[in-house]
Amino acid sequence: MSLLGGKIGLEIEEVSWQEIKEAVKTISMPLYKMIEQLPLSKKHKLYKARYRFGDTLFTRGVFGLPVTGGGTITLKDGTASTVLQKELGYKAIPMGLILNKSVEVFFENKNYVVPSKIMGAGKLFGLWEAFDPDPPESLVNVWNLTAGARSICMLPSISDAVLYKKLQQKFNLKDSGPPNKLIMHHKLFTELSRHIDEYNQEWFCEILFFGKEWLSSQEDFKAFENYLLKQAWAQSYNWRTKMDYDIAWENFNEEVIERNWKPKPYNLAIVKHLLAVGDGTYPAFVPAYNDNAAPITFLQDCIINGYSLKEQDPIIMQPEHIGTIDKTYYFSLSMPTQLEHLHKGRKNPTIVNNLIEVKRMADLLLEMGISSIKCEFFHCDDNSYDKILPSSKIIELASKSTWHASKYPGRKFPEKSPFFKGCISIDKIRQN
């Protein structure tokens, strides 16, 4: 049953467990087995929503329902039925299961974006909210959740005014000017993706939302509640180990003081972030080779044919949590994603100077046995710097599974990309 209202159609429908259980079985057998054992009734409602790339499921504390054609509305909007308001309004964001593609949890202001968590098919979200008391509004309204990756950018520069004008005319884009910063790429990609239907392609992130009755603490649902609590406990691992992490960081600070180093607070924040990346708390960047985080192939074709990108390979970087030891991850000082963006001071050092200082501290972390990652440091200009490598070496030094063969033969690796203007590669250290 499609839930519509007024003149706006909503991309959400009520589904029964029988209709959706095979999809759940494919992505999460444990959850499927758990629900199969439950005494479900008509009160246990499920809603399948389809979000387009760039749609926000949660914007500064406000839950959004997907609108046909792209975009979202709030539950309180008159277009949303009273049934949806009742069934999905039990928390700031209702518990949801990602059926396909991925979502990103992030913090954002006008100058930078901080990706917090990337979650793919089979993952549940809204678990902490389901079991915790409602936090103060000031804490809820800082977080966002989007369909696909928010922290995403293309390696080749796409800020040429003349070429961007061609792209703008081809896709009737808003007159916001070319994306001069890497964090502006997402806005352009979202606009371009609104035209994907015209090319007989599609990209939807489907979410299965659980109605309020699923969390009503019924006696015969205790096993289900325990299952959800275990999932929430697993998701909290990185934050539960934060004290150990902070103690190790204090030991590092003492060593820095003993060596009479006086690192800039901004660079200390980057090093601290690299530690958190190595522990899997925050994501770093990898090249995208499938459409899980965005309609990658469609966006690349748009840039090649609409923007008329010449020679360079239209590689797109996406966020991903560090996992396997045979993949290299990346952090860019030109698109910093650390939470602590401390003021750099009036006399801002060059990116290279920052990179050199970060390298010295990262090497010390490794020497002290605190870090679980090995880093290399790169820059895209032609000058030679002590222990800072040219970006042309990035592919050569990366783990084999990181950079796949290009889908566009004959195009060059964009080694002069703005992303490589101060870039750090991150490899997980193999444990014996």
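Tabulated data for the structure shown
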{"item": "Selection within the range 264-287 - assigned to a loop (DSSP other than H, G, I, E, B), touching a residue at least 60 places away in the same chain (Cβ under 8 Å) and under 21 Å from the mean Cα position of the chain (by Cα)", "result": "ASP279, TYR282, PRO283"}
{"item": "Selection status of ASP55, closer than 30 Å to VAL277 by Cβ and either at pLDDT below 95 or in contact with a Gly (Cβ under 9 Å, 6 or more places away or on another chain) (or both)", "result": "yes"}
{"item": "The range 116-145, residues that are in a loop (DSSP other than H, G, I, E, B) and at pLDDT 90 or above", "result": "ALA121, GLY122, LYS123, GLY126"}
{"item": "Residue identified as part of a strand (DSSP E or B) and surrounded by fewer than 21 Cβ atoms within 10 Å (Cβ to Cβ) among LYS374, LYS416, LYS393, LYS407", "result": "LYS374"}
{"item": "Helices (runs of 4 or more DSSP H) wholly inside the range 173-263 that include at least 1 residues being free of Cβ contacts under 8 Å to residues at least 40 places away in the same chain and loosely packed, with under 11 Cβ neighbours inside 10 Å", "result": "222-235, 237-240, 242-258"}
{"item": "Options PHE209, PHE224, PHE204, PHE252; residue that is touching a Gly at 6+ places or on another chain (Cβ under 9 Å) and of a type in the set (Phe, Trp, Tyr)", "result": "PHE209"}
{"item": "Looking only at the range 387-421, and only at residues there that are of a type in the set (Gly, Ala, Ser) and in contact with a strand residue (DSSP E or B) (Cβ under 6 Å, 6 or more places away or on another chain), the one that is nearest to GLN312 (Cα to Cα)", "result": "SER391"}
{"item": "Selection status of LEU339, touching a strand residue (DSSP E or B) at 6+ places or on another chain (Cβ under 6 Å) and either part of a loop (DSSP other than H, G, I, E, B) or closer than 22 Å to PHE252 by Cα (or both)", "result": "yes"}
{"item": "ILE196 being in contact with a His (Cβ under 8 Å, 6 or more places away or on another chain) and either more than 30 Å from THR337 (Cα to Cα) or not polar (S, T, N, Q) (or both)", "result": "no"}
{"item": "Filtered residue count, the range 19-32, keeping only those that are surrounded by fewer than 12 Cβ atoms within 10 Å (Cβ to Cβ) and without any contact (Cβ under 8 Å) to a residue 24 or more places away in the chain", "result": "2"}
{"item": "Odd one out for TYR330 among (1) in a helix (DSSP H, G or I); (2) within 16 Å of the chain's Cα centre (by Cα); (3) modelled with pLDDT of 95 or more", "result": "(1)"}
{"item": "Count of residues meeting criterion [of a type in the set (A, V, I, L, M), touching a Gly at 6+ places or on another chain (Cβ under 8 Å) and not in a helix (DSSP H, G or I)] in the range 15-48", "result": "1"}
{"item": "Output for the range 38-90, where each listed residue is charged (D, E, K, R) and more than 30 Å from LYS222 (Cβ to Cβ)", "result": "ARG50, ARG52, ASP55, ARG60, LYS76, ASP77"}
{"item": "Residue check for GLY61: touching a residue at least 24 places away in the same chain (Cβ under 8 Å), among the small types (Gly, Ala, Ser) and at positive phi", "result": "yes"}
{"item": "Which listed residue, of ASP220, ASP244, is of a type in the set (Asp, Glu) and touching a Leu at 6+ places or on another chain (Cβ under 9 Å)", "result": "ASP220"}
{"item": "Counted residues, the range 66-88 - those being surrounded by fewer than 16 Cβ atoms within 10 Å (Cβ to Cβ), touching a residue at least 12 places away in the same chain (Cβ under 8 Å) and within 23 Å of ASP134 (Cα to Cα)", "result": "3"}
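Residue-by-condition table, conditions (1) touching a Cys at 6+ places or on another chain (Cβ under 6 Å); (2) in a helix (DSSP H, G or I); (3) closer than 20 Å to LEU10 by Cα:
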residue: PHE58; (1), (2), (3): no, no, yes
residue: LEU65; (1), (2), (3): no, no, yes
residue: GLU87; (1), (2), (3): no, yes, yes
residue: ALA92; (1), (2), (3): no, no, yes
residue: VAL103; (1), (2), (3): no, no, yes
residue: VAL114; (1), (2), (3): no, no, no
residue: ALA149; (1), (2), (3): no, no, no
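The values are calculated or read from the model by the stated rules, or taken from the named source; none is laboratory data. All of these numbers come straight from a predicted model, not from anything done at the bench. Using ideal geometry, Cβ is built from the backbone for each residue, glycine included, and neighbour counts are taken over all protein chains shown.
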